[in-house]
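*Asks:* Here it is, the structure in full.
Coordinate-derived values only; no laboratory data. Here the structure is a predicted model, which is why all the values come from computation and not from measurement. FYI the Cβ positions are ideal-geometry reconstructions off the backbone, even for glycines, and counts take in every protein chain you see.
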Amino acid sequence: MSPPAVLQVMLLVWGTLVGLDLVSVPQAMIARPIVAGPIAGAILGDVATGLQLGVLFELFQYDILPVGAVRYPEYGPATIAAVSAAHAGAGTLGFGLGAVVGLITAMAGGASLQVIRRLNTRAVHRAAAALETGEPRVLARLHIAGILRDAARAAVVTALGLALAQLARDYLVGTVSSRGRVLLSVAAVGVALAAGTAGTLRLVGRGPGLRWFAAGLVGGAAVVWLR
Amino acid sequence: MTTAARPPLGRSLLRLFTVQGSWNYERMQGIGMGVAEQPLIRDLEGNGTAYRAAVARAAHFFNAHPYLCGLAVGATARAEHDGVPPQQVERLRTALCGPLGALGDRLVWAGWLPLTSGLALIGVALGLGLWAIFGFLIVYNIGHVALRWWALRAGWAYGGQVATALREPVLQRAATLSAPAMALVAGVALPLVVHYLTGGFLSWTRAVLAVVAAGGFVLLRWQRARLTGLRFGLVLLALAALIGWFWR
């Protein structure tokens, strides 16, 4: 079942804002999957799926440290597309379907960031002489054009993700066996946990932070056991 | 010297939220820095040549943590007002790139962000739902906006002596405390997230899941330089789809 067109448009707008937030404006972290997913879920009237996929992709996000010119996948619009795909799946079984759509979209999003950076570089290179004269209007024009380019990029990536979600809903939901869906979900959750743990340990390092991390693990395990 | 009585720091701050909008490989954040610095040096406009030259300098290469760019914007704008020679302004910008990048990465990307998002994960796993998400956005952005505002004000206040601002005790303490706090919260979050995500799986699938997660973790640590979570995820999902296709 596909979401109505108006909801698709709302997801597209949300995905564009999320994509813009990642690098351009204003880096308030709505691009984090833990935010992008649940809001997409709320738009579709399925907050639970949004939260689950938000948590899943947040773990993938821990694998990334966005420093300097480093290349990384874009998990914000990807999570929105994943929620859209999983919305049609049945509960936990929708995980795998969402993860397939989400990871492909994340890869496309990451590649699109490189394209935008190259286009910006070309524009700056072309305006180099004017920039050296200190003309403020040239500066403003380049900057605004960069932001608009990024907005267009975010919209295209989200649209691609939503289209993939539509294809997954139309062609995969009915054809993948229930065992296949379970396997996909197991793979998605397993990899997310592995990536999240590896990324976290990279941040924590081997110093005193590791002892704090271990103490936290014990505390968290105790909370799980008590619940 | 033409130091403005009330510098338009608010306008500059708003522009700083877009500092990476035109990020490129040639000047990196340079264009955004120029746009953000412009309101602070606009009153040099009376001296046309000095103003244009200051705008051109402001847009040169710059790369640091986006939340701390304000420190360089404020400091260089103040230096331009104080009549510091152009070469010295350029040197000041260049000298700030490394320290601001390193401090921001430590304070935000490896501290405040994983700390608050870890708290959000704990909140979701404990059933707080959307409240955990709104709480994350509010708490994270209080720190985010406060840091941007502090950076811009400190840059403007210290000017060429801006290195002093980086040694402020509050900043040093925050940098020292954020790492252990983040590690503790990440540790608490992990078992809760495992429980939250695996709740819907049956017993045999949980065993497979444990093997996949443990094996994946070892592989990602071992092949850190070549293998990312995304690549590993795509390969494993393709494999799962293939097995699922035959095993009906």
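*Asks:* What does the average come to when, for each residue of peptide B:86-97, you count the partner chain Cβ atoms lying within 10 Å of its Cβ? Mind showing how you got there, number by number?
*Replies:* Working: counts 0, 0, 0, 0, 0, 0, 0, 0, 0, 0, 0, 0.
Averaged over the peptide's residues, the number is 0.
*Asks:* Explain nothing, just the number: relative contact order of chain B, from Cα pairs under 8 Å at least 6 residues apart, as a whole percent. All intermediate terms of the calculation are to be shown ahead of the outcome.
*Replies:* Numbers: 284 pairs, mean separation 46.0, N = 248.
Relative CO of chain B lands at 19 percent.
*Asks:* While we're here: Could you give each residue of the stretch B:230-237 its phi-based ³J(HN,Hα) in whole Hz, using Karplus coefficients 6.51, -1.76, 1.60 with θ = phi - 60°, and x for Gly or Pro?
*Replies:* 5, 4, 4, x, 5, 5, 5, 5
*Asks:* I would also like to ask the following. Rank-order B:180-189, A:2-11, B:76-85, A:96-105 by packing density, defined as the average count of other C-beta atoms within 10 Å over each peptide's residues, highest first.
*Replies:* On the way: B:180-189: 25.2, A:2-11: 14.9, B:76-85: 20.3, A:96-105: 28.5.
Ranking, from highest mean packing down: A:96-105, B:180-189, B:76-85, A:2-11.
*Asks:* For labels at A:Arg206 and B:Thr49 in the simple 7 Å Cα→Cβ model, what's the distance in nm?
*Replies:* With each label placed 7 Å out from Cα toward Cβ, I get 5.9 nm.
*Asks:* What does the average come to when, for each residue of peptide A:48-56, you count the partner chain Cβ atoms lying within 10 Å of its Cβ?
*Replies:* Numbers: counts 1, 0, 3, 9, 5, 0, 5, 9, 3.
Average per residue, whole number: 4.
*Asks:* So, one more: Sort B:207-217, B:9-19 for me by packing, meaning the mean count of neighbouring Cβ atoms within 10 Å per residue, highest on top.
*Replies:* Details: B:207-217: 17.4, B:9-19: 20.2.
My ranking of the peptides, most packed first, is B:9-19, B:207-217.
*Asks:* Ranked highest first by average number of other Cβ atoms within 10 Å, how do B:99-110, B:135-146 line up?
*Replies:* Numbers: B:99-110: 19.6, B:135-146: 16.4.
Per-residue mean Cβ counts within 10 Å order the peptides as B:99-110, B:135-146.
*Asks:* Could I ask something else about it? So what is the relative contact order of the stretch A:5-226, in percent, for Cα pairs below 8 Å that sit 6 or more residues apart?
*Replies:* Numbers: 304 pairs, mean separation 56.8, N = 222.
With pairs under 8 Å counted, the relative contact order is 26 percent.
*Asks:* Which residues in the stretch A:151-191 have a backbone N closer than 17 Å to a point placed 7 Å from the Cα of B:Trp204 along the Cα-to-Cβ line?
*Replies:* Residues A:177-187 qualify, since their backbone N sits under 17 Å from the label point.
*Asks:* Moving to a separate point now. Identify, among A:Val35, A:Gly216, A:Gln52, the residue whose Cα sits farthest towards the positive end of the charge dipole of the protein assembly as shown, taking +1 on the Cβ of Lys and Arg and -1 on the Cβ of Asp and Glu, with the dipole about the Cα centre.
*Replies:* Going by the Cα projections, it comes out as A:Gly216.
*Asks:* Then there is this: Would the stretch A:105-227 count as rounded, prolate or oblate if I go by the C-alpha gyration tensor, calling it rounded below 1.5 in a/c and otherwise prolate when a/b exceeds b/c, oblate otherwise? Intermediate values should be presented prior to the final figure.
*Replies:* Values: a/c = 3.83, a/b = 1.49, b/c = 2.56.
Oblate, because a/c is 1.5 or more while a/b does not exceed b/c.
*Asks:* Assign unit charges at the C-beta atoms only (+1 for Lys and Arg, -1 for Asp and Glu), then state the dipole size of the stretch B:9-199 relative to its Cα centre in Debye, rounded to the nearest 20.
*Replies:* Details: 14 positive and 9 negative charges, 17 e Å.
For this selection, approximately 80 debye.
*Asks:* Quote the FRET efficiency, to the nearest 0.05, computed for B:Glu90 versus B:Val139 with a Förster distance R0 of 30 Å and r equal to the Cβ-Cβ distance. Walk me through the numbers on the way to the answer.
*Replies:* Details: r = 38 Å, r/R0 = 1.27.
Step by step, r from the Cβ atoms, then E = 0.20.
*Asks:* Then there is this: Give me A:Asp63, B:Asp43 ranked fewest to most by other Cβ atoms within 10 Å of their Cβ, as a rough exposure proxy. Kindly include the intermediate steps, with their values, before the conclusion.
*Replies:* On the way: A:Asp63 25, B:Asp43 16.
In order of increasing Cβ crowding within 10 Å: B:Asp43, A:Asp63.
*Asks:* I would also like to ask the following. Considering every residue in B:117-130, what mean count of other chain Cβ atoms within 10 Å of its Cβ is obtained? Display every interim value, and only then the final one.
*Replies:* Working: counts 8, 5, 0, 8, 7, 3, 1, 8, 6, 2, 2, 1, 6, 8.
Partner Cβ neighbours, averaged per residue: 5.
*Asks:* ³J(HN,Hα) across the stretch A:5-15 via Karplus (A = 6.51, B = -1.76, C = 1.60, θ = phi - 60°), whole Hz, x for Gly/Pro?
*Replies:* 4, 5, 5, 4, 5, 4, 5, 5, 5, 4, x
*Asks:* Let me ask something additional. From the backbone phi of the stretch B:103-119, what are the Karplus-calculated ³J(HN,Hα) couplings (6.51 cos²θ - 1.76 cosθ + 1.60, θ = phi - 60°) in whole Hz, Gly and Pro given as x?
*Replies:* Karplus-based 3J(HN,Hα) across the stretch B:103-119 equals 5, x, 4, 5, 6, 9, 5, 9, x, 4, 5, x, 5, 6, 6, x, 5 Hz.
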